[in-house]
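*Asks:* Quick one: the structure is below, and I'll ask about it shortly.
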Amino acid sequence: MSTQSTPILSVLTEDLLIRVNEKLVQDSDRKIWRLICKEFHRVDSITRKTLRVLHVEFLPTLLKNYTNLHTLDLSVCPCIEDGTIILLLHRVDHSMWARNLKFLNLSRANGLKFAGLEMLVGACKGLESVDVSYCCGFGDREAAAISGCGGLKELRMDKCLGVSDVGLAKIVVGCGRLVRLSLKWCMEISDLGVELLCKKCLELKFLDVSYLKVTSDSLRSIAALPKLEDLAMVGCPLVNDVGLQFLENGCPLLQKVDVSRCDCVSSSGLNALISGHNGLLQIDAGYTISELSANFVECMQELKNLNAIIIDGARVSDTVFQTISNNCRSLIKIGLSKCTGVTNMGIMQLVSGCVNLKTINLTCCRSITDAAISAIADSCRNLLCLKLESCNMITEKSLEQLGSHCTLLEELDLTDCFGINDRGLERLSRCSRLLYLKLGLCTNISDTGLSYIASNCSQLHELDLYRCMGIGDDGLAALSSGCKKLRKLNLSYCIEVTDKGMESLGYLEELSDLELRALDKITGVGLTALVIRCKRLTYLDLKHCGKVDDTGFWALSYYSRNLRQINLSYCSITDMALCMVMGNLTRLQDADLVHLRNVSVEGFDLALRACCVRIKKVKLVAALGFLLSSEVLGILHARGCRIRWD
């Protein structure tokens, strides 16, 4: 009788492996899974539905391997242009990977033009969602190519600066089943285009016309949309109260409206909107109305189902808060940033009735004290987000109340709250679910306070310590030990941090965004220790780090291959190191290179040549505009690179 055991993988059916694979949520876990063996890799290939590509050269191979994709994201993949699409369609059988594709993200693909877009759309006949936002060079021809997606339900065209009413007309005629459309910053679109849109696309549920030069006539057209639920028109300077009055008797299903920063809209316009839609769920009128009139407060009594209101920048009173408290019991979000007239009594009245609040923004409400925060903590036990930037009168007592009662808190902004100290952070650390914490300009905290946070808030994703002068290497050591999930960290102007601190940060392997501006005690040794371990960095700010020498930048160019944005302004980098950084970092798309005193004109010229194929934004000293070769500048412009002259 054989005693040889049966390999466990041989008894696991494909169906069972697929079910196991579906339980893997984190990208890191899925990556480990597919590296274990060929069978696991095959299962991953047939089950993967979403693909986000970082390197264009790997795109053909990836599409050969993953043939059941629903979503393809090329938004962070540099150098997508017509030639890329032509090569892709010829080298890879698109009948395989394109047949199930529903969602295509081409955001910032400035190199892609009409020919390539038309071919891509033609190959992916089942597309339902397309994102071409921030393709600033897109015009009416590219819009015509998109119009070939007859089954399109969602389209984002934010900042497609060349698209006019003509291009929009082609889209709405070809894509009559659109449900969601964003035209933010499409400056050439006028009332005429919006009118045709509203006649042809009657299925629209979401529409964003923010920052367009449309007038109230567009709102007359929009009012005819029978299924519209969500309307955003931020920063529309020509829209006034008359336009909102058109909406009063239109859009019967309207639930959300954003009229923030619309200078010509007043309380009377909002009154009309509310009177026709007392079922509104969300209103954003931030920096639109200077004062809440008595009529507006009276109208608010009808908004029994309101769950979010933003009135940033308005003058308010205790009466307003009492009205909201009595009538808007379903409220879960309120924005009061930079509002005048916010008092402790007003906040107490607000939270006495609105006990379900989860998000409260009190930025720059400078009269708020510990009494108001205590009332919030006592009433709003499900609070998730609290913003208290520049609320200078709050102290450690507020954090003690939050730590005791708001244990579900995920986001807290204490920027410029100089009454916060280490003892307060100790109390706050009871909020163990914190994900986002801002402590910038809190000058009375030290490594001791940071250690409390690090030891108890292990889920922390983002931490801002901007100009926290008391933070040094010991605090970073505690942070690297306790907050392994940290992704974004701002240490700018934390001048006590040295190379030892950089070595500690190297153990934060999920770190992607790091700001180290003006840390004059770190050198090339510290930067090397950091980048050797932090392989996921995508954004790095080294501005004014004058003691980092070329050894650090050489290490950066070798290890930080995922970097997409970097600031090297006022650094001591030389010609050769700059060429290595700009040439080796193949995913780099945005670079600030101002006042590099050790780099010659020839050095800049060579560095820009090394990255001109993929770089999308670069910031340079204005004088270089007259010194750099016209050939290099011509290539950058032809590739769609935006040069910012300082």
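Throughout, read-outs are computed from the coordinates displayed, never taken from laboratory work. The structure displayed is predicted, hence computed values, not measured ones. When we count neighbours, we look across all protein chains shown, and the Cβ atoms used for this are built from the backbone with ideal geometry, even at glycine.
*Asks:* So between residue 16 and residue 99, what do we pick up on full extension, going 0.36 nm a residue minus the alpha carbon distance?
*Replies:* Full extension from residue 16 to residue 99 adds 27.3 nm.
*Asks:* If you don't mind, another one. What is the sum of charges around residue 234, taking Lys and Arg as +1, Asp and Glu as -1, for the other residues whose C-beta is under 14 Å from the C-beta of residue 234?
*Replies:* Local charge sum for residue 234: -2.
*Asks:* Hey, which of these cross-link pairs are over 29 Å Cα-Cα: 547/619; 153/256; 488/617?
*Replies:* none
*Asks:* Let me ask you something else. What dipole magnitude, in Debye to the nearest 20, does the stretch 318-444 give about its Cα centre under +1 on Lys/Arg Cβ and -1 on Asp/Glu Cβ?
*Replies:* For the stretch 318-444, the charge dipole is close to 300 debye.
*Asks:* At most 16 other Cβ atoms within 10 Å and a DSSP loop assignment: could you name the trypsin sites (Lys or Arg not before Pro) in the stretch 297-384 that fit?
*Replies:* 304, 329, 366, 381
*Asks:* Show me, for the stretch 462-473, the HN-Hα J-couplings you get by feeding each phi into the Karplus relation (A = 6.51, B = -1.76, C = 1.60, θ = phi - 60°), rounded to Hz, glycine and proline as x.
*Replies:* Those phi angles translate into 9, 9, 10, 10, 3, 6, 8, 5, x, 8, x, 5 Hz.
*Asks:* Starting from the Cα of residue 558, step 7 Å along the direction of its Cβ; do the same at residue 632; then give the gap between the two resulting points in nm.
*Replies:* 2.6 nm
*Asks:* Using the Cβ atoms and a cut-off under 12 Å, what net charge is assigned to the surroundings of residue 89, where Lys and Arg are +1 and Asp and Glu are -1?
*Replies:* Result for the local shell: -2.
*Asks:* Could I ask something else about it? How much length would be gained if the chain were fully extended between residue 355 and residue 61, taking 0.36 nm per residue of separation minus their Cα-Cα distance, in nm to one decimal?
*Replies:* 100.5 nm
*Asks:* About its Cα centre, how strong a charge dipole does the stretch 387-492 have in debye, to the nearest 20, once Lys and Arg get +1 and Asp and Glu get -1 at the Cβ?
*Replies:* With only Lys, Arg, Asp and Glu charged at Cβ, the dipole is about 280 debye.
*Asks:* Would you mind computing, in nm to one decimal, how far apart the modelled labels at residue 509 and residue 602 are, each placed 7 Å from Cα along Cα→Cβ?
*Replies:* Those two pseudo-labels are separated by 4.4 nm.
*Asks:* Once you order the gyration tensor axes a ≥ b ≥ c over the Cα atoms, which shape class does the stretch 228-324 get: rounded for a/c under 1.5, otherwise prolate or oblate by comparing a/b with b/c?
*Replies:* oblate
*Asks:* Let me ask something else about it. If each DSSP helix of 4+ residues adds -39,500 (n - 2.57) and the sum is divided by the residues in the chain, what number results at 222 nm, nearest 500 deg cm²/dmol?
*Replies:* Dividing the helical sum by the residues of the chain leaves -10500 deg cm²/dmol.
*Asks:* Then there's this: What is the sum of charges, Lys and Arg at +1 and Asp and Glu at -1, for the other residues whose Cβ falls under 15 Å from the Cβ of residue 138?
*Replies:* Residues close to residue 138 contribute a combined charge of 0.
*Asks:* Next up: Going 7 Å from the Cα of residue 304 in the Cα-to-Cβ direction, what parts of the stretch 251-293 have a backbone nitrogen less than 15 Å from that spot?
*Replies:* So the set is 277-281.
*Asks:* Find which of 116, 139, 482 sits farthest along the positive direction of the dipole of the chain, computed with +1 on the beta-carbon of Lys and Arg, -1 on that of Asp and Glu, about the Cα centre.
*Replies:* So the residue furthest toward the plus end is 116.
*Asks:* Would the chain count as rounded, prolate or oblate if I go by the C-alpha gyration tensor, calling it rounded below 1.5 in a/c and otherwise prolate when a/b exceeds b/c, oblate otherwise?
*Replies:* Rounded is the answer for the chain, as its axis ratio a/c remains below 1.5.
*Asks:* Shifting gears a bit: Quote the FRET efficiency, to the nearest 0.05, computed for residue 253 versus residue 90 with a Förster distance R0 of 41 Å and r equal to the Cβ-Cβ distance.
*Replies:* The value I calculate is 0.30.
*Asks:* To the nearest 0.05, how large is the calculated FRET efficiency for residue 535 and residue 47 if R₀ is 35 Å and r is the Cβ-Cβ distance?
*Replies:* Using R0 = 35 Å, I get an efficiency of 0.85.
*Asks:* Could you tell me which of 638, 277, 313 has its Cα farthest along the dipole of the chain towards the positive end, charges placed at Cβ (Lys, Arg +1; Asp, Glu -1), taken about the Cα centre?
*Replies:* Farthest along the dipole direction, towards plus: 638.
*Asks:* Multiply the residue separation of residue 366 and residue 622 by 0.36 nm, subtract the distance between their alpha-carbon atoms, and state the gained length in nm to one decimal.
*Replies:* 88.1 nm
*Asks:* Sticking with this structure for a sec: Lys/Arg Cβ at +1, Asp/Glu Cβ at -1, dipole of the stretch 53-198 taken about the Cα centre: which of 95, 178, 194 is farthest positive-ward?
*Replies:* Highest projection toward the positive end goes to 95.
*Asks:* Loop only per DSSP, at most 15 neighbouring Cβ atoms within 10 Å: give me the chymotrypsin sites (Phe, Trp or Tyr not before Pro) in the stretch 354-456, ordered by residue number.
*Replies:* 418
*Asks:* Explain nothing, just the number: dipole magnitude of the chain about its Cα centre with +1 on each Lys and Arg Cβ and -1 on each Asp and Glu Cβ, in debye rounded to the nearest 20.
*Replies:* Approximately 1500 debye in magnitude.
*Asks:* Starting from the stretch 544-646, pick out the trypsin sites (Lys or Arg not before Pro) whose DSSP state is loop and whose Cβ has at most 14 other Cβ atoms within 10 Å.
*Replies:* Passing sites in the stretch 544-646 are 597.
*Asks:* Give 227/438; 113/213; 227/333; 64/438; 338/521; 64/205 a once-over and call out the pairs whose C-alpha atoms are over 32 Å from each other.
*Replies:* 227/438; 64/438; 338/521; 64/205, as the Cα separations exceed 32 Å there.
*Asks:* How far apart, in nm, are two points set 7 Å out from the Cα along the Cα-to-Cβ line at residue 436 and at residue 462?
*Replies:* 0.4 nm
*Asks:* Using a/c under 1.5 as the rounded threshold, could you call the stretch 110-162 rounded, prolate or oblate? The axes a ≥ b ≥ c are square roots of the C-alpha gyration tensor eigenvalues, and prolate needs a/b larger than b/c, oblate otherwise.
*Replies:* Since a/c reaches 1.5 but b/c is at least a/b, the shape of the stretch 110-162 is classed as oblate.
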